[in-house]
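Working notes for the structure below.
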Amino acid sequence: MNKFILYINNCLMMVLSNRLRLKLSIMGVIVATVILLAGMVSINAFVSKQYEKYQRFDKDVAVLTGSINGNFIDSLKSTFPEAVMALYSDQGSLEPYSGGDSSPYSILPMVHGVSSSFLSLPLPFDTDCAYTATIVSGRDISQSDIVNKRKVVVISEFTSRIFFGEDNPVGKTIPVKLLSSDSVEEYKVIGVYGNTPAEREAIINMMTNNDPGFNVKVDFYVPYTLFSSSQEKNISTVVFYSPQNRFSVVEKAIDILIKPYNGNIVLYTYNNRIQLVENAQQSMNIALAFIAIFIIVVSGLNMLNCLFFSIKERIGEIGIRKAIGATKISIMVQFIFESMLITMVGVIIGIGIVTFLFIVLSAFSIEIFRAQIVFAISKEMILSTIIVLLLQGVLFSIIPARYAANIKIVNALRFD
Amino acid sequence: MNPRAGVDAYTYLIMQNELLIELINIVKSYDGKRNILNGLNFSLQRGDFVAILGESGVGKSTLLNIVGLFDGFDSGKYYLGGFDVTKNHDEENALVRNRYFGFVFQLYHLIPNITVEQNITMPFLYASAVSSYEVMRWKMGISKKLRIDNLLGSKVDMLSGGEKQRVAIARSLLLSPQILIADEPTGSLDDNNAEIVIDIFGEYKNQGHSIILVTHNKQIAECADKVYSIKDGVLVNANE
Ligand SMILES: Nc1ncnc2c1ncn2[C@@H]1O[C@H](COP(=O)(O)OP(=O)(O)OP(=O)(O)O)[C@@H](O)[C@H]1O
Ligand SMILES: [Mg+2]
């Protein structure tokens, strides 16, 4: 038998012979592993979900929302004479449509008044992200629709499906009620655009949610001149695209333009969204680091305590080992090695628990979180957890191990 | 100083010197008032078999602890192979214990919870320059002689007192130490087993090793070359 195997075997037997120390220490390590690893995995899942969402944000488009007035639009136009802009004025949720007998949902329409050729720019009404949409059937709202205040509407495939099922909606009418008018009027559908990511998610939501009170949000795009005569007073959103300038320059210039509005106008761009995610990631990482330090110290002190108790019980053994030739260093190494063994077992169990947990959470993420979330555990996370906890095991064993190493043989043997 | 280099120096000295151990004027007190050893002199030659008798509490174990480098003393000199070990470093002493001494303790002092085999091979864990193949062979030889080869896989806790003592003896002899120190090794053995142990000690001595033995057993004492007893903290010739 190899000496190393003999040594390991010996340590194992010693560890196994002290069940209480083993159990208590392992529990601490498991808790620390689970918290540490689960924290890393969750932060990573959240951040990648956010990144994934903003990857759809058009990189050379700015979206401005808030109390936008004519003056502001004028200053935008004079600063960027070549810019293409789509102006939107929203009229929030009106009375919900009942989905009728065929649908268990309430339908909550959002009416957006739009300026000319709005679909040549991305649609901004998808949380805080602007996505490019394209007409899949019919046509876009035209300048003449706007000037003549025609009661026409552009909807998405998703909306079309809700109102018209499999039929082609172009040419059919939808009842629309504007805030400014008391009555519901029939608007003619002139175009359908492909679903945005938010609408694709809404479909998943509808499929998994059978709650009858569940609201389905749909968007109606109509000429903004229908909203009121003084059009530009009601603008709430501007989608802005400047073909001639470098976008980073545009972004800075807009930032300066909105300064005087003291946060009443908010700028959304790909860059500042990503920046936001990065900041969030950073603060979550810092928070996790603090929690980790705390947990490691607590679990480490637990380990230290258990080891001290164990050493008190094993004073005789230590005396015998020293008597037959164990040096102080080999006594220390033995106890530290035992701690590392215990730590490894705890870490492996902890990793198993976290892996199982996140396999389940990933599989049922739609049911639990209403969204497809993939909780991925990377090699780096596992490795760093192992390293951190092994370090903890070693660090918090040094003091008890030194104590053990310095026990006097004569005293120890009298104990046995 | 590198402790291993120090130990290698002892190897030379212990090989060269016929006088392995020399204690001069050793004074030892635990409480600073009563001297358990009071100017004790002792020497051990290569191949000596020394027995030490004495009433309980006179300091026999105390003397063995000092000889075995477990414990220090208040004044006096200790030469090991002609080398003054009084100011030795702990780590150095540990290596010396492992390489030159074998110990059989008064109270067995085996490690519970592990097997007989692991107890017997324990000195090997702390030894250097010994091949595991050799150790396994020695282990088998010794356990056969001591009739514990059938117990190798058992846990120590399960053994009888006599079996424990034989395991302790096997452990002390594993690395064939130059000097064997035994504190009442036959105290818990029946006549039959005591006989075996005496035979082993005799054989051991004939191979040129030295033995220091504390015993109450007159029969064993008779096998020794020299018999001392401790009186008033010094060694006296027991036959006088
Ligand atoms: N570590 C210690 N601390 C204090 N006193 C001790 C210590 N070890 C031994 N003594 C005392 O020193 C005296 C000698 O003890 P020692 O163990 O050497 O006796 P002994 O001759 O081996 O006796 P026995 O035959 O009973 O084993 C005793 O009075 C004992 O109480
Ligand atoms: Mg004694």
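The values are calculated or read from the model by the stated rules, or taken from the named source; none is laboratory data. These figures come from a predicted structure and were not determined experimentally. Glycine also receives a Cβ, built like all others from the backbone with ideal geometry; neighbour counts cover every protein chain displayed. Just the protein is used for accessible areas: all its heavy atoms, side chains included, with ligands, DNA and RNA removed. Shrake-Rupley method; radii C 1.70, N 1.55, O 1.52, S 1.80 Å.
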- Item | Yes/no for residue B:132 being open to solvent by 10 Å² or more (accessible area, probe 1.4 Å), within 14 Å of chain A (Cβ to nearest Cβ), away from ligand 2 (no atom under 16 Å from the Cβ) and at pLDDT below 90 | yes
- Note on the structure: Pairs returned, first residue in region B:62-85 that is within 12 Å of chain A (Cβ to nearest Cβ) and open to solvent by 10 Å² or more (accessible area, probe 1.4 Å), second residue that is within 16 Å of ligand 2 (Cβ to nearest atom) and of a type in the set (S, T, N, Q), beta-carbon separation under 7 angstrom, 6 or more apart or interchain, are B:71/B:65
- Could you check residue A:413 against (1) of a type in the set (A, V, I, L, M, F, W, C); (2) within 16 Å of ligand 2 (Cβ to nearest atom); (3) surrounded by fewer than 17 Cβ atoms within 10 Å (Cβ to Cβ) and say which number it fails? (3)
- Query: Looking at B:187, B:141, which one is within 16 Å of ligand 2 (Cβ to nearest atom) and either more than 19 Å from the chain's Cα centre (by Cα) or not aliphatic (A, V, I, L, M) (or both)?
  - Reply: B:187
- If you take the residues of region B:219-240 that are open to solvent by less than 70 Å² (accessible area, probe 1.4 Å), under 28 Å from residue B:176 (Cβ atoms) and more than 16 Å from ligand 2 (Cβ to nearest atom), which of them is nearest to the other protein chains (Cβ to nearest Cβ)? B:224
- Does region B:195-218 contain any residue that is part of a helix (DSSP H, G or I), farther than 15 Å from residue B:105 by Cβ, away from chain A (no Cβ under 14 Å) and within 16 Å of ligand 1 (Cβ to nearest atom)? yes
- Note on the structure: Within region A:394-405, restricting to residues that are open to solvent by less than 80 Å² (accessible area, probe 1.4 Å) and not hydrophobic (A, V, I, L, M, F, W, C), the one that is nearest to ligand 1 (Cβ to nearest atom) is A:400
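Condition check ((1) in a helix (DSSP H, G or I); (2) loosely packed, with under 15 Cβ neighbours inside 10 Å; (3) within 14 Å of chain B (Cβ to nearest Cβ); (4) touching a His at 6+ places or on another chain (Cβ under 9 Å)) across all residues:
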| residue | (1), (2), (3), (4) |
| --- | --- |
| A:256 | yes, yes, no, no |
| A:279 | yes, yes, no, no |
| A:295 | yes, no, no, no |
| A:300 | yes, no, no, no |
| A:326 | no, no, yes, no |
- Message: Just to be sure before I move on: is residue B:148 in contact with a strand residue (DSSP E or B) (Cβ under 7 Å, 6 or more places away or on another chain) and either within 16 Å of ligand 2 (Cβ to nearest atom) or open to solvent by less than 10 Å² (accessible area, probe 1.4 Å) (or both) in the structure I sent?
- Response: no
- Among the candidates A:361, A:357, A:383, A:391, residue that is without any contact (Cβ under 8 Å) to a residue 12 or more places away in the chain, more than 30 Å from residue A:314 (Cα to Cα), part of a helix (DSSP H, G or I) and more than 14 Å from every other protein chain (Cβ to nearest Cβ): A:383
- crowded, with 17+ Cβ neighbours inside 10 Å and modelled with pLDDT under 95: does that describe residue A:369? no
- In region B:42-53, is there at least one residue being within 16 Å of ligand 2 (Cβ to nearest atom), among the β-branched types (Val, Ile, Thr), open to solvent by less than 60 Å² (accessible area, probe 1.4 Å) and within 11 Å of chain A (Cβ to nearest Cβ)? no
- Within the bounds of region B:91-107, is there any residue that is at the interface with chain A (Cβ under 9 Å from one of its Cβ atoms), open to solvent by 20 Å² or more (accessible area, probe 1.4 Å), charged (D, E, K, R) and not in a strand (DSSP E or B)? yes
- Within region A:152-194, which residues are open to solvent by less than 10 Å² (accessible area, probe 1.4 Å), among the β-branched types (Val, Ile, Thr) and more than 22 Å from residue A:122 (Cβ to Cβ)? A:174, A:176
